[in-house]
């Protein structure tokens, strides 16, 4: 089976200082790029001017989940890859995701994260929390495809509801767990992306870990996992 064509969707809210770097990395990926842009710092205009971008959708700032869904609906490919405006993907990233869709039962793919311009501590923490943890949790069914480094078959993804915009937190885990009920979710350790560790630096690794742990527990209990934390 030939690997299906893929597009890339990038949500960007007030990311003018970082978006160029992300789009430069997407320029050689041989895939159409859809940017769903909003904010007051000129992000939509910057996206429209970048040569790598095929389409810009101006969003009303409804949040990253709604932006990603809008981009997926606008894409005209069998697979949609998602990354963020503070994330840089390596050469061949789209093709690496596409290569996992040779089997028709595969409906989604996730990969590890590495810190962008991080120090040794960042690299060690990311290796444990954003790679080794996934290698352990995915085989037992706790599938967590990070929204800045994942892909899905477009039609099943949209039919399943995409990312839930009502969730203020871990909407990417929610989406990947729902897609696991549709078909096979693949963790590809070679499909990595580099992302800014700014949240980890702001919150601290321990504090952020505890926030995620509480969020997962609340999610498992059917409650709002964010408690408003990431709606600020």
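The values are calculated or read from the model by the stated rules, or taken from the named source; none is laboratory data. In this text, all values refer to a predicted model and were calculated from it rather than measured experimentally. Every residue, glycine among them, receives a Cβ derived from its backbone with ideal geometry; neighbour counts consider all protein chains shown.
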Looking for whichever is surrounded by fewer than 22 Cβ atoms within 10 Å (Cβ to Cβ), farther than 26 Å from residue 199 by Cα and out of contact with any helix residue (DSSP H, G or I) (no Cβ under 9 Å at 6 or more places or on another chain) here; the options are 70, 78, 159. Which one fits? 159
Mind listing just one residue for me: the one in the stretch 141-152 that is part of a loop (DSSP other than H, G, I, E, B) and more than 8 Å from the chain's Cα centre (by Cα) and, of those, surrounded by the fewest Cβ atoms within 10 Å (Cβ to Cβ)? 141
Of all residues in the stretch 189-215 being at pLDDT 75 or above and crowded, with 17+ Cβ neighbours inside 10 Å, the one that is nearest to residue 153 (Cα to Cα): 191
Those residues that are touching a residue at least 12 places away in the same chain (Cβ under 8 Å) and loosely packed, with under 13 Cβ neighbours inside 10 Å, I need them from the stretch 122-140; list them, please. 135
Checking residue 90 against (1) within 19 Å of residue 194 (Cα to Cα); (2) assigned to a loop (DSSP other than H, G, I, E, B); (3) at pLDDT below 95, the condition it does not meet: (3)
Residue count, the stretch 165-188 (criterion: touching a strand residue (DSSP E or B) at 6+ places or on another chain (Cβ under 6 Å) and modelled with pLDDT under 90): 0
Residues located in the stretch 9-27, provided they are surrounded by fewer than 19 Cβ atoms within 10 Å (Cβ to Cβ) and assigned to a helix (DSSP H, G or I): 16, 17, 20, 21, 24
Would you pick out the residues in the stretch 40-64 that are over 27 Å from residue 175 (Cβ atoms) and under 20 Å from the mean Cα position of the chain (by Cα)? none
Can you find a residue that is more than 23 Å from residue 94 (Cα to Cα) and free of Cβ contacts under 8 Å to residues at least 40 places away in the same chain anywhere in the stretch 45-54? yes
